[in-house]
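The values are calculated or read from the model by the stated rules, or taken from the named source; none is laboratory data. None of the values given here were measured: they were computed from a predicted structure. In this analysis, Cβ positions are derived from the backbone assuming ideal geometry, glycine residues included, and neighbour counts consider all displayed protein chains.
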Amino acid sequence: MTQPAILAVGTAVPAHRYNQMDICEGLSPAFNNRRAPAVFRATEIETRYSVLETTDWLVQNPDNETRLARYHAEAPPLGIRAIRRALQRAHRTPNQIDHLIIASCTGVDTPSLDVAIAGEMGLSPYLSRSAIVGMGCHAFLPALRQAIHAVQAHPQSIAVVLTLELCTLHFQHDRSLRNMLGSALFADGASAAVVGATENGGLRLLDGLSYSEYRTQAEMTFHPGNRGYKIHLSGQIPDLVRQQTPPLIERLLSANGLRLSDIKHWVVHPGGMKILDYLEQTLELENNELQYSRAILREYGNMSSATLLFVLERLEREAQPAPGDYGLLVGFGPGVTIELELVQW
């Protein structure tokens, strides 16, 4: 029996790598707040990547039109790099792609990014395309479910999911602690997954669950403004994630006849170190089971929807899951929304 599976993953980051405290120093005129260094250190992030050569462009505080023009210049080549890497690892070629699903919340235009990338890659004009805009950090898993539905309907087809975010284009001039936290956390990156139906091999996609607590929509927002998008991160987010996630995990596992102890590998979106700490404590995880999430956050920062596949790529390379091992992909974002996907190697 064929099963939808992730056949391969590819990731890409821009050329410009920054030390965390160099970003803080470069943006100090935008913050004008002596507490900024402490906020940046508290994230435990060491390095991040950006499409920007220097922070000077942000200090000039360009308008939203200028920022989005930069997004549309930088996003296609970065996304194409991630897609080509995933296709190479899956031993597939661009002309074998039947479905292209792209998720991003850091830029919008019409025609959308999927058209630009399909055109530049020379993909089929009959390609099935979808653009998921505005979902935020958890968007990879809803995009993945579209790919699952596509290959279930057409088992011989190949779907590619691309998540791409250029968060650094939207850093704001604002001395508030919440704005500084957003500027201290987020970074640029792209990741792609090749999805197909297989009888064996790949990362089998068994079941998923999505939950959004509509009463907490204001706790995490990313609203367009005159000078980029303005992020708002409530201090309640770690507590909300800690309260909501465990019963949802239990619900998904129970529906599949599994227990928490059956999960050997955890692929958790590293929204922040505090969130990872809370989940580790609440789920009573041992043996540093969130180490790959922590490592990606330290080395790359929070790349919003693109981050989860970076964690999966690192886990597969270093942990080398055995055939039959169960894993759980965990994402969360605005809503507050929790997304889960049960997988098996």
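Listed values, structure above:
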{"quantity": "Criterion: surrounded by fewer than 17 Cβ atoms within 10 Å (Cβ to Cβ) and under 30 Å from SER157 (Cβ atoms) - qualifying residue of SER210, SER191, SER234, SER254", "calculated": "SER210"}
{"quantity": "Residues of segment 67-94 satisfying the condition of being among the β-branched types (Val, Ile, Thr) and surrounded by 15 or more Cβ atoms within 10 Å (Cβ to Cβ)", "calculated": "ILE80, ILE83"}
{"quantity": "Cross-chain or 6+ apart pairs with Cβ under 6 Å, segment 140-155 first and under 19 Å from HIS269 (Cβ atoms) and among the polar types (S, T, N, Q), then at pLDDT 95 or above and crowded, with 23+ Cβ neighbours inside 10 Å", "calculated": "GLN146/ILE101"}
{"quantity": "Where a residue in segment 332-345 is touching a residue at least 40 places away in the same chain (Cβ under 8 Å) and under 11 Å from THR216 (Cβ atoms) and its partner, wherever it lies, is of a type in the set (D, E, K, R) and not in a strand (DSSP E or B), with Cβ under 6 Å and at least six apart", "calculated": "VAL336/GLU213; VAL336/GLU219"}
{"quantity": "Qualifying residue in segment 37-52 (condition: over 14 Å from ALA187 (Cβ atoms), hydroxyl-bearing (Ser, Thr, Tyr) and buried (at least 16 other Cβ atoms within 10 Å of the Cβ))", "calculated": "no"}
{"quantity": "Long-range neighbours under 7 Å by Cβ, at least six apart or interchain, first residue free of Cβ contacts under 8 Å to residues at least 12 places away in the same chain within segment 1-30, second hydrophobic (A, V, I, L, M, F, W, C) and part of a helix (DSSP H, G or I)", "calculated": "SER28/ALA36"}
{"quantity": "Output for segment 147-185, where each listed residue is surrounded by 18 or more Cβ atoms within 10 Å (Cβ to Cβ), farther than 23 Å from LEU52 by Cα and out of contact with any Phe, Trp or Tyr (no Cβ under 9 Å at 6 or more places or on another chain)", "calculated": "ALA147, ILE148, ALA150, VAL151, SER157, ILE158, ALA159, VAL160"}
